[in-house]
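Report on one structure; see the data block that follows.
A short reminder: the numbers here are calculations on the coordinates, not readings from a lab. The structure displayed is predicted, hence computed values, not measured ones. Cβ placement follows ideal geometry from the backbone for every residue including glycine, while neighbour counts extend to all protein chains displayed.
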Amino acid sequence: MKNMIRLALRGMMRNRRRSLMTLLAIAFGFSAIALFAGYTHNVYDGLSRQSIHGEMLGHLTLSKRGMRKEGRLDPERYLLTATEVAAITKLLQDEQHVEMVAPRLALSGLVSNGRASTIFIAEGIEPEAVVKLRSGSLTEAEKKSGRFDNMWMRLDAERPEVVSLAEGLVELLHLKEGEQAQVLVNTLSGQANAADITLGKGFNTGNAGSNDKFAFVSLVLARTLLDAEGRADRLTILLDDKNQTEAMRDRLLARLGAAGFDVEIMTWQELSDFYNQVHGMFDMIFGFIFSIVLTVVVMSVANSMGMTVIERTREIGTLRAIGLKRSGVVRLFTMESMLLTLIGCAAGLLITLLVRWGVNAADISYIPPNSAGRVPLLIDLDIMRTLFTFLLMGVVGTLAAWMPARRAAQKDIIDALGHV
Amino acid sequence: MSDNTSHPPILKLRNIKRRFLLGETTIDALNSISLDIHAGEFLAVWGPSGSGKSTLMNIIGLIDSPTEGEVHFDEQDTRVLDDDALTEFRSRKLGFVFQNFNLVPVLSALENVMLPLQIQGVAEHEARERAAAALVDVGLERFKDSLPDKLSGGQRQRVAIARALVVDPKLVIADEPTANLDSENSRMVVELMREMNRARKVTFVFTTHDQRLLDHVDRKILLRDGNIVSDEVMA
């Protein structure tokens with residue numbers, strides 16, 4: 001085997017220019033895949049943080065079974081009662097990975113500056129829960145950049161009438177922080193209910209579609225407006241580890257079921273359509289790029305090995321004459337191809353690390369589709385997909401040599417020895 | 001002539017015919033050749049171009065199969081062996097010396113000689129020792145680390161002889177081993193083969209055009225048009 005590797009390595013060095021060109025094709029192909037995988041990894045990570053912390057979906061959302069489908073038409077029936085909220089919260093807080101349970105209450109209505117009115121969609125949430133949910137929204141580097149300062153909104157635990165409106169909505173109503181406005185909402189029983197609000201710090205939803213509609217209100221105000229004392233339409237559960245999401249959902253469902261609660265629990269991934277759409281789109285682009293690069297690599301290796309086999313036909317005849325079996329010839333050339341591919345992938349990994357370092361250090365930012373602000377262009381090292389690419393390219397590169405190697409092995413010894 | 005014929009033959013050819021199809025033309029390269037080769041013989045096959053020398057060598061070397069006839073090597077009927085078994089057989093019992101030396105250009109002289117042993121699966125350490133000893137036998141120990149393109153034609157052919165002998169073969173086939181050498185190197189190569197034949201009792205069969213080299217052999221077989229015209233045992 002050692003001799004075979006030595007022979008394969010030296011075989012690679014015979015036609016250095018051709019080997020180098022093949023190696024570069026593999027290296028750049030590999031780095032293209034690894035860099036794109038790293039970029040999408042960063043996007044997925046950012047989107048997951050945006051969903052869990054930015055949109056405050058938490059890791060899990062608990063509601064009464066049927067709430068998502070039927071809740072809007074019959075809220076009274078599907079809201080959790082004050083007793084249920086208290087009992088479930090107590091049960092969940094005993095769990096090891098649960099960091100926080102936050103009751104939520106959605107509402108919608110009209111908001112007016114006294115001269116003009118517009119619709120709003122609001123989330124009622126405890127001010128302390130906002131701080132805790134939002135704490136994981138940005139990375140340290142993103143916080144330092146100050147680029148996302150406008151994403152932060154505040155509710156005031158002491159002053160429930162303080163409401164945080166999205167920047168688009170603030171602009172629409174020509175309001176300033178500290179000014180008064182009025183909201184009009186239907187209670188659960190269908191009565192109109194109005195209240196004065198004070199405008200708190202505005203925020204950017206990060207999404208152009210919701211930036212002129214969305215608002216956060218304190219849970220106290222939401223419950224007052226809806227006349228739903230102690231109630232919640234759902235409970236947002238924050239875990240200490242994102243990777244525990246699925247396991248915890250199953251575990252909590254089992255525990256709550258056993259305790260007699262007929263509830264459903266959705267993960268943040270199930271609730272975040274945008275995350276799933278972006279993930280699906282990038283996965284498709286990744287697959288497309290991967291297929292193209294893989295085809296180029298296979299063609300390069302197959303062409304290179306095809307030429308090598310032709311050039312070394314007489315050597316193959318000699319080796320066969322002195323005792324190398326057909327399978328040995330196949331092994332020799334596939335080994336050469338495997339080494340070429342693996343060295344190419346290793347060089348590609350080096351290029352990936354260098355480019356990644358350069359891009360991340362360059363502080364590049366861009367505005368993604370449907371986004372209200374700039375986001376930094378960062379590339380992660382997606383270890384799993386990089387490793388997968390490394391292995392798959394190694395296997396495919398090796399297999400690409402199989403056909404020419406097999407053709408060489410099948411060659412008649414006398415014809416091979418007489419090859420010029 | 002030694003008493004080689006008193007030993008059972010290591011190679012028996014019986015009614016060997018070899019026919020090639022070139023387009024629509026059939027060429028009979030060998031016509032019903034029967035031949036015994038005994039252990040320890042130093043045998044030359046000679047004759048004009050196209051007489052069938054190389055075809056005969058290919059069949060003796062088990063790298064070609066006859067169209068008709070039987071080849072028995074070391075009492076083994078080679079017709080029953082499949083490709084892998086034949087390859088294994090060649091690996092252990094035969095050595096080859098080619099007209100163009102056919103050394104692997106990226107391997108040193110020592111590594112070239114180690115190659116057949118490593119193909120057999122001999123451990124690297126042992127293969128290295130045996131190959132080094134084989135290079136000493138052919139007087140090339142100083143060149144063991146040289147690549148083939150740094151060696152003269154005569155030296156390359158001596159490396160090829162070392163490579164053929166390193167597996168302790170029963171028979172060494174040399175097809176025109178001196179064709180690419182000058183007369184001095186040709187003489188040296190044939191003398192080296194002769195010396196190995198005598199010292200190690202290895203059977204050598206080689207083809208040549210060179211009449212002067214025939215003076216060194218025990219037995220010479222003249223081929224013409226695929227037939228044995230004479231089979232002469234030298235005194």
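Observations
- Cut-off 11 Å between beta-carbons: net charge of the residues surrounding residue A:132, Lys and Arg +1, Asp and Glu -1: -2
- Cross-link partners of residue B:201 among aspartates and glutamates (Cα-Cα below 20 Å; sequence separation of 8 or more within a chain): B:3, B:36, B:41, B:74, B:75, B:137, B:168, B:175, B:191, B:215, B:218
- Cα-centred dipole magnitude for the protein assembly as shown, charges only on beta-carbon of K, R (+1) and D, E (-1), debye, nearest 20: 1440
- Candidates B:216, B:38, B:125, ranked by Gaussian network fluctuation over chain B, Cα under 10 Å, top entry: B:125
- What the Kirkwood sum gives for region A:42-120 is a hydrodynamic radius of 15.5 Å, with every pair of different alpha carbons counted.
- Prolate/oblate/rounded call for chain A, Cα gyration tensor, a/c under 1.5 rounded: prolate
- Net charge contributed by nearby residues that have their C-beta within less than 12 Å of residue B:92 (K/R +1, D/E -1): 0
- Listed by chain and number, the lysines placed with their C-alpha closer than 20 angstrom to that of residue B:17 are B:53; residues fewer than eight positions away on the same chain are left out.
- Between the Cα long axis of helix A:2-12 and the first principal axis of chain A there is an angle of about 90°, rounded to the nearest 10.
- Shape call, region A:151-237: gyration tensor on alpha carbons, a/c limit 1.5: prolate
- Normalised contact order of chain A, rounded percent, pairs of Cα under 8 Å and 6 or more residues apart: 27
- Within region B:103-117: backbone nitrogen closer than 20 Å to the residue B:146 label point (7 Å, Cα to C-beta): B:103-115
- For the residues B:19, B:163, B:142, a GNM of chain B with alpha-carbon springs under 10 Å puts the largest fluctuation on B:142.
- Percent RCO, i.e. relative contact order, over region A:1-140, from Cα pairs under 8 Å lying at least 6 residues apart: 20
- The Cβ shell under 13 Å around residue A:67 holds other residues with a net charge of +2, Lys and Arg each +1, Asp and Glu each -1.
- Mean separation of Cα contacts under 8 Å (6+ apart) over length of region A:56-269, as relative contact order %: 35
- Considering only B:219, B:158, B:79, the Gaussian network model of chain B with Cα springs below 10 Å gives its largest mean-square fluctuation to B:79.
- Between the Cα long axis of helix B:109-120 and the first principal axis of chain B there is an angle of about 60°, rounded to the nearest 10.
- Counting every pair of alpha carbons in region A:1-136, the share spaced more than 26 Å apart comes to 56 percent.
- For region A:56-269: rounded, prolate or oblate by the Cα gyration tensor [a/c cutoff 1.5]: oblate
- Magnitude of the charge dipole, region A:56-269, Cβ model with Lys/Arg +1 and Asp/Glu -1, debye to 20: 300
- Helix axis angle, B:153-165 relative to chain B longest principal axis, alpha carbon, degrees: 80
- Gain on full stretching of the segment that runs from residue A:259 to residue A:179 - 0.36 nm per residue minus C-alpha separation: 24.1 nm
- In chain A, lysine pairs closer than 17 Å at Cα, eight or more apart or cross-chain: 7
- All Cα pairs of chain B, percent lying beyond 30 Å: 24
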